[in-house]
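Student: Take this structure, written in structure tokens, and hold onto it; I'll ask about it next.
The values are calculated or read from the model by the stated rules, or taken from the named source; none is laboratory data. All values derive from a computational prediction rather than experimental measurement. When we count neighbours, we look across all protein chains shown, and the Cβ atoms used for this are built from the backbone with ideal geometry, even at glycine. Remember, those area values only see protein heavy atoms, side chains included, never the ligands or the DNA or RNA. Shrake-Rupley method; radii C 1.70, N 1.55, O 1.52, S 1.80 Å.
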Amino acid sequence: MPRALDRWSALALLRRVDPVARLLVLTMLAFNVGFFMVLPFLAVHLGEDLGLAAGTVGLLLGLRTASQQGLFLLGGTLADHLGTRPVVLTGIVVRIAGFVLLGAAQGLGGVVAGVVLVGVAGALFTPAVEAALARTTQERGDGPSRSEVFALNGVCSQVGTLLGPALGTALLLAGFRASCLVAAAVFAGVLAVHLRLLPRDAPAHRGAPVLAGWGEVLRDRPFLLFAAASCGYLATYHQLYLALPLELARSTGSDAAVGPFFVGASLLVVLAQLPLTRWAERRLGTVRSLVLGFIALAAGALLVAAVRQAQPGASGALVAAAGGFVLLLTLGQMLLLPVTRDVVARLAAGRHLGARYGLLSTAGGVAVLASGALVGRAFDAGGAAGPARALPWLLVAALPAAGAVAVALLRRHLRPLPANAAQLHTRRGAWEAAGTTTAAPPRRTPA
């Protein structure tokens, strides 16, 4: 492989990362393969095979999301207090149980239990993995940066997102139950690998009061403002599942283009995430990467709004604008996600990492719920040809625009510390976590 290509290769980066980080990002790939074998086909199974009403199906899918997003803070806190290994292993076991229940369920009670367990598993696993990746990745030095490792995590997740539905479609020939059992078998294999390879880590805050830790996180104003800014990304990304299908359906009579758009977005992440992250680290830095990412999200929504307002009857132009929205949204996502995870770790300085990642995701879930209701009402109020037909997309654009403003207000907190200062800052957090009073960390020398 040419040297220039090898530099950007996900496989090359996998060889360079810490072994624990390598295990965790490959686990995210396997997790998404198993997850997307089943979840894209769940609504059809519930409606056609089990005969549940559409409203009930929507409620059950929302219950899965709520049980995951609402418990992220708890999952991250458990990782802080118990360590990564027990929380990750428990999450895998719970997801196996959830898929087995979904495959076996013949009534509403079994389906409810299955979807809740699938959601709870994600709430346990994801913040624990993110905190472990942040702890095992060098901020400076010869190894990959933290942003690169989180970018690699995103690439592996997207590979799983591409493979899972393809395998699930093939397995549906044998029925939905077979898909669930094969997905459970995938997670059982992941469990066996983790039992053997995932090391025990010392809990960062064993024995410390949980409420005191939450209080510390909730008093961290820079982190809370940054979490609020990040909600702008999550709420905008959710429009792939809400505003985009609704707009295509009302403008063209079909949302069939959504599927190819999703595949194209995933392929773009797989192919371009790592080089874009490396370029952004070298040329843009933290603040400009975040601001440019939010601008890309807002620009995508404004593009659809402009076409929708100017040419309400031009279905071809609307499909092209929707493609532009997906492209800009994906580019914004690739700029934002790795840097966001890096900034959370930097602001935490080693303190309550799991809780912070959990709170970030829980806040995003609340933002998705609130923005979804707001944008949905705007679609109802605007109508297909009314004067306010572009209103939903203007609201979507306002979300990342607010995020960009919040980042600008936080810019002095988001700039990386010099290497020696970053080490001292992390060690100071470790000493405080251990309750050491006999020795103070060294004084920071001027940069």
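Residue-wise test of (1) in contact (Cβ under 8 Å) with a residue 24 or more places away in the chain; (2) under 18 Å from the mean Cα position of the chain (by Cα); (3) crowded, with 22+ Cβ neighbours inside 10 Å.
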{"position": "L242", "(1), (2), (3)": "yes, yes, no"}
{"position": "R278", "(1), (2), (3)": "yes, no, no"}
{"position": "I295", "(1), (2), (3)": "yes, no, no"}
{"position": "L335", "(1), (2), (3)": "yes, yes, yes"}
{"position": "P338", "(1), (2), (3)": "yes, yes, yes"}
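Student: Which residue pairs have Cβ atoms closer than 8 Å, lie 6 or more positions apart in sequence or on different chains, and pair a first residue in segment 352-381 that is of a type in the set (A, V, I, L, M, F, W, C) with a second residue that is open to solvent by 30 Å² or more (accessible area, probe 1.4 Å) and outside any helix (DSSP H, G or I)?
Tutor: Matching pairs, first to second residue: L353/A204; V375/L242; A378/A388; A381/A388.
Student: Could you check segment 48-108 for helices (runs of 4 or more DSSP H) lying wholly inside it with 1 or more residues that are open to solvent by less than 30 Å² (accessible area, probe 1.4 Å), free of Cβ contacts under 8 Å to residues at least 24 places away in the same chain and not small (G, A, S)?
Tutor: 54-69
Student: To continue, here is another question. When the residues of segment 244-275 are narrowed to those that are more than 18 Å from the chain's Cα centre (by Cα) and among the aliphatic types (A, V, I, L, M), which ends up surrounded by the most Cβ atoms within 10 Å (Cβ to Cβ)?
Tutor: Filtering first and then ranking leaves L244.
Student: Hey, another quick one. Within segment 77-113, can you find the residues that are among the small types (G, A, S) and within 25 Å of the chain's Cα centre (by Cα)?
Tutor: Listed by number, the residues that qualify are A79, G83, G91, A97, G98, A113.
Student: Any chance segment 423-435 includes a residue that's at pLDDT 60 or above and surrounded by 13 or more Cβ atoms within 10 Å (Cβ to Cβ)?
Tutor: Looking through segment 423-435, none of the residues is at pLDDT 60 or above and surrounded by 13 or more Cβ atoms within 10 Å (Cβ to Cβ).
Student: What number of residues within segment 43-76 satisfy the criterion of being among the hydrophobic types (A, V, I, L, M, F, W, C), modelled with pLDDT under 80 and more than 16 Å from the chain's Cα centre (by Cα)? Please lay out each step first, then the result.
Tutor: Filtering segment 43-76 for residues among the hydrophobic types (A, V, I, L, M, F, W, C) gives 43-44, 46, 50, 52-54, 57, 59-61, 63, 66, 71-74.
Subsequent filtering for residues that are modelled with pLDDT under 80 retains 43-44, 52-54, 57, 59-61, 63, 66.
Those left that are additionally more than 16 Å from the chain's Cα centre (by Cα): 43-44, 52-54, 57, 59-61, 63.
Qualifying residue count, segment 43-76: 10.
Student: How many residues are over 15 Å from the mean Cα position of the chain (by Cα) and open to solvent by 40 Å² or more (accessible area, probe 1.4 Å) if we restrict to segment 24-35?
Tutor: Residues flagged as over 15 Å from the mean Cα position of the chain (by Cα) and open to solvent by 40 Å² or more (accessible area, probe 1.4 Å) within segment 24-35 amount to 1.
Student: Among what's in segment 172-185 and is of a type outside the set (G, A, S) and open to solvent by less than 40 Å² (accessible area, probe 1.4 Å), pick the residue that is modelled with the highest pLDDT.
Tutor: Step by step, filter segment 172-185, then rank; the result is C180.
Student: Just to check your reading of the model, which residue among S289, S266 is closer than 28 Å to T169 by Cα, touching a helix residue (DSSP H, G or I) at 6+ places or on another chain (Cβ under 6 Å) and of a type outside the set (F, W, Y)?
Tutor: Result: S266 is the single residue among S289, S266 that is closer than 28 Å to T169 by Cα, touching a helix residue (DSSP H, G or I) at 6+ places or on another chain (Cβ under 6 Å) and of a type outside the set (F, W, Y).
Student: I'd like to know if segment 118-135 contains one or more residues that are touching a Pro at 6+ places or on another chain (Cβ under 6 Å), buried (at least 21 other Cβ atoms within 10 Å of the Cβ), among the aliphatic types (A, V, I, L, M) and in a helix (DSSP H, G or I).
Tutor: no
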